[in-house]
Amino acid sequence: MNDVFGGKVALAGIGATEFSKNSGRTEMRLAVEACLAALEDAGIEPAEVDGMCTFTMDHNPEMDVHRLIGGKEMTFFSRIDYGGGGACAPVMQAAMAIASGAAHVVVCYRAMNERSWYRFGAGTPLANAPSTPTFIAANHYAWYLPAALSTPASFVGMAARVYMEKYGVTSEDFGRVSVAARAFAATNPNAFFHGQPITLADHQASRFVAEPLHLLDCCQESDGAVAIVITSLERARKLRHKPAVVRAAAQASAQGQHRLTSFYREDIAHLPEMGMIARQLYAQSGLGPRDFQTAILYDHFTPYVLEQLEEFGFCARGEAKDFVRSNEHARGGTLPINPNGGQLGEAYIHGMNGIAEAVRQIRGTAVNQLAGVEHILVTAGSGVPTSGIILGQD
């Protein structure tokens, strides 16, 4: 066991806006709303915030958000690259700042009008700007456009097909992930798809986006914001809610890594970066696959949920299909995944809403609360440089 954080850091506050397809306000407004809500949830005054952390893809500068929430002085601020792959990394950065004394109260946030202002699912900037030769030459994705690989779904679809052929996985197996997520979302009033469960037949009938991926294999495009307050465990114990203790946190970029296009690896049916995360988290925490009562697995595309189950040792290589066929991942299973509905059912806020759900599960206040949650695994991204955390009871 290599306890990096010494059980000294905790997530003490969570806040979010509503999740929609058209927020009707600026991303800065969303960021400020979520941060203030998280601080109110924790019972910490904005003037006490001395650290801010977000994503490189976030359009709201730390100094501006800090000023607008009523902050006074900052001693720590940072940004993490790689979109959803970095979702747990701001928490890791904040935890390191707290543990080292670089800051005392850090707010991590992500605010985006991804549906109403721009759409990640529509394709790479290069695909939409074919008349800029300099940009094409400099852009990694230029290698893939001639093969009609121009969207995240098409990139993942390529790897998913290899995974299917290698292990006998079917489209219905991917669909079982989506059905379970939507079942949780249907009973979550904060989910965009509240009250809208689906069947496996619905999944199979949904149109192909990039074969073998159906529309219902793909996460949503959402407007919204989420913020998390991180402070010392000693301080968190005196605040309004039960603290969610950081037991482990890690980042990883594996050999041959690209953004969703690691096609030059010897085997593209696996997620070695997630295997790296698993090894680090387990080594730091002393925990293993049997020690979790639930998990928040990054579900931007359903195939990568199956592969994550294997990388973290919840089942053997190639056996995730059997895991989901037995509904072990669903409500009532041995490892219910994404009880908030995930990015497939609740919202796509680059994984930050999953971290908030993990905090609720530790507190015992989630809408779809699971019994006896002692530890919860949270992952971020798949197929890109990635991150993960383990949260636990005090």
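Hey, among the residues in region 81-102 that are surrounded by 24 or more Cβ atoms within 10 Å (Cβ to Cβ) and assigned to a loop (DSSP other than H, G, I, E, B), which one's farthest from the chain's Cα centre (by Cα)?
By that ranking, first place goes to Cys88.
Any residue that is surrounded by fewer than 24 Cβ atoms within 10 Å (Cβ to Cβ) and of a type outside the set (Gly, Ala, Ser) - is there at least one of those in region 345-360?
yes
Inspect region 113-120 for any residue being at pLDDT below 95 and open to solvent by less than 10 Å² (accessible area, probe 1.4 Å) and give the result as yes or no.
yes
Scanning region 121-148 for residues that are part of a loop (DSSP other than H, G, I, E, B) and small (Gly, Ala, Ser), which turns out modelled with the highest pLDDT?
Looking at the filtered set, the residue picked out is Ala148.
Mind listing just one residue for me: the one in region 228-275 that is of a type in the set (Lys, Arg) and over 16 Å from the mean Cα position of the chain (by Cα) and, of those, surrounded by the most Cβ atoms within 10 Å (Cβ to Cβ)?
Arg247
Scan region 169-216 residue by residue and report those that are part of a helix (DSSP H, G or I), touching a residue at least 60 places away in the same chain (Cβ under 8 Å) and farther than 30 Å from Gln361 by Cα.
none
What are the residue pairs meeting all of these: first residue in region 287-311, first residue of a type in the set (A, V, I, L, M), second residue assigned to a loop (DSSP other than H, G, I, E, B) and at pLDDT 95 or above, Cβ atoms under 7 Å, and 6 or more apart or on different chains?
Listed by first residue and then by second, the contacts come to Ala295/Leu335; Ile296/Asn338; Leu297/Asn338; Val305/Leu297; Val305/Asp299; Leu306/Val169; Leu309/Cys315.
Tally time: how many residues in region 15-71 are β-branched (Val, Ile, Thr), more than 20 Å from the chain's Cα centre (by Cα) and surrounded by fewer than 20 Cβ atoms within 10 Å (Cβ to Cβ)?
Total meeting the criteria: 1.
Cβ-Cβ below 7 Å, separation at least six or inter-chain, first residue in region 323-340 and over 14 Å from Arg182 (Cβ atoms), second crowded, with 18+ Cβ neighbours inside 10 Å and of a type in the set (S, T, N, Q): which pairs?
Leu335/Thr294
The values are calculated or read from the model by the stated rules, or taken from the named source; none is laboratory data. Please read all numbers here as calculations on a predicted model, not as lab measurements. With ideal geometry, Cβ positions are generated from the backbone for all residues, glycine too; neighbour counts draw on all protein chains shown. SASA here: full protein model, heavy atoms, side chains in, ligands and nucleic acids out. Shrake-Rupley method; radii C 1.70, N 1.55, O 1.52, S 1.80 Å.
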